[in-house]
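Every number in this text was worked out from the coordinates using simple rules, so none of it is lab data. These numbers come from a predicted model, not from an experiment. All Cβ positions, even for glycine, are placed from backbone atoms using ideal geometry, and neighbour counts span all protein chains on display.
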Amino acid sequence: MFERKNKYSMSMIKDKDKDKDKDKDKDKDKDKNKQMSKDKRIRKMIYIIILLVVIMVIALWNQPVYREYTIQSDKITNGFRIVHISDLHSSIYGKEQKRLIAKIKAKEPDIIVLTGDIVDDIKGEEGAYQLIDGLSEYPMYYVSGNHEGWHKDTLGIFRIIEDRNVIHLKDELMKITINEDTINILGVIDPAGIGQEKTRGSEKYNRRPLDQALVATGIMEENTEDFFTLLLSHRPEYIEIYKQFPIDLVLAGHAHGGQIRIPFLLNGTYSPNQGFFPEYAGGLYEEDDLKMIVSRGLSLNPLLPRVFNPPEVVVIDITGK
Ligand SMILES: [Fe+2]
């Protein structure tokens, strides 16, 4: 009897121990699960942080991209390559612009065009002159932008640019031959003109409406039927005026790509003179018989970051059909 009782209590103790062990195992499992889900959460967080960092790096990437376009025309036989630089705002890429200059040279342009706001009115002029100097082996054509017009010494800037063998088109048209193709190239002074009181007396540089500036180039008297006609003008928002003239291609800037872009969804948030959600923020536009390429420009301003909108150099091949 005693022995049976003892056996019984022994088995009770064993069962209790087993239960205890089970509980311990359960606790261990719980702890393990907790640890695993904690590890999972941490891993997830790390992945999210890495993804955000990658998105941020891509979004705020501020080294120039080289965007290429091809424009075909039956007025062209051999064809040529234009490098289109706009809205540098004196920004500097590499010591004395060396990085930017090397990359532009690698594109082997036939001519280089500068469509305004190359010199900034506040940031100084050095970056602009360094770039122009570095590219002096190429024929260069320039039109002014509003920031050059607002500079305290606009005429001084113009003189320095012109002294560097850059052809400054001030409501002017000229015929040039590139690779045996002769074209009309014309350029207009930005409608901001020269904002400084002291230079307003100079009739040539006073602001005038853009349609008058285009008429002043003499385009209406030129043969535009047979010769490819290229307009350099800082402002893209005047496309309705450009369409009234016999122009094949307009190269413009000013809009800075609309500053903030959302890939595949939004081509720019805000541009000067176009406001929010600008229509002509950057890219190729074709309306009626006119084509217009708007450069997103090379401006770098730490106070105004470019988002999904890297600085841009435009490369255009003009070819026959
Ligand atoms: Fe501008």
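Packing order of peptides 143-149, 153-159, 129-135, 108-114, highest average first: 143-149, 108-114, 129-135, 153-159 (average count of other Cβ atoms within 10 Å over each peptide's residues). When each of the peptides 91-98, 259-266 is scored by how many other beta carbons lie within 10 Å of its residues on average, the order from highest to lowest is 91-98, 259-266. A straight Cα-to-Cα reach below 13 Å connects Lys291 with the aspartates and glutamates Glu240, Asp248, residues fewer than 8 places away in its own chain not being considered. Relative to the longest principal axis of the Cα atoms of the chain, the long axis of helix 2-59 makes an angle of roughly 0 degrees. Label sites at Lys20 and Ile122, each approximated as a point 7 angstrom past Cα along Cα to Cβ, lie 7.7 nm apart. At an R0 of 30 angstrom, the distance between the Cβ atoms of Ile262 and Asp226 translates into a FRET efficiency of 0.10. Tell me, what ³J(HN,Hα) does each residue in region 152-168 have, in order and in whole Hz, if you take phi through Karplus 6.51 cos²θ - 1.76 cosθ + 1.60 with θ = phi - 60° and put x for Gly and Pro? 3J(HN,Hα) across region 152-168, in whole Hz: 5, 9, 4, 5, x, 4, 4, 4, 5, 5, 5, 5, 8, 6, 9, 8, 9. Would any residue of region 62-101 have its amide N under 15 Å from a label point 7 Å out along Cα→Cβ of Glu108? List them or say none. What the label zone holds, given the 15 Å backbone N cut-off, is 79-83. For the peptides 293-299, 250-256, the ranking by packing is 250-256, 293-299, with the highest mean count of neighbouring Cβ atoms within 10 Å listed first.
Counted by Cβ distance under 11 Å from Gly116, the other residues give a net charge of -3, where Lys and Arg count +1 and Asp and Glu count -1. Using the Cβ-Cβ distance between Arg208 and Asp288 with R0 = 35 Å, the FRET efficiency computed as 1/(1 + (r/R0)^6) comes to roughly 0.90. Taking amide hydrogens as placed 1.01 Å from N in the peptide plane, the amide H of Ile118 sits under 5 Å from those of Asp87, Leu88, His89, Gly145, each at least 5 positions away in sequence or on another chain. With K and R counted +1 and D and E -1, the other residues having a Cβ less than 13 Å from that of Asn62 yield a net charge of +2. Share of pairwise Cα-Cα distances greater than 23 Å in the chain is 63 percent (whole percent). 3J(HN,Hα) along region 173-180, derived from phi through the Karplus expression 6.51 cos²θ - 1.76 cosθ + 1.60 where θ = phi - 60°, amounts to 10, 9, 9, 10, 10, 10, 6, 6 Hz, with x in place of Gly and Pro.
At an R0 of 56 angstrom, the distance between the Cβ atoms of Thr77 and Ile55 translates into a FRET efficiency of 0.75. Report summary: the helix-based calculation at 222 nm, which adds -39500 (n - 2.57) for every DSSP H run with n ≥ 4 and divides by the residues of the chain, gives -10500 deg cm²/dmol.
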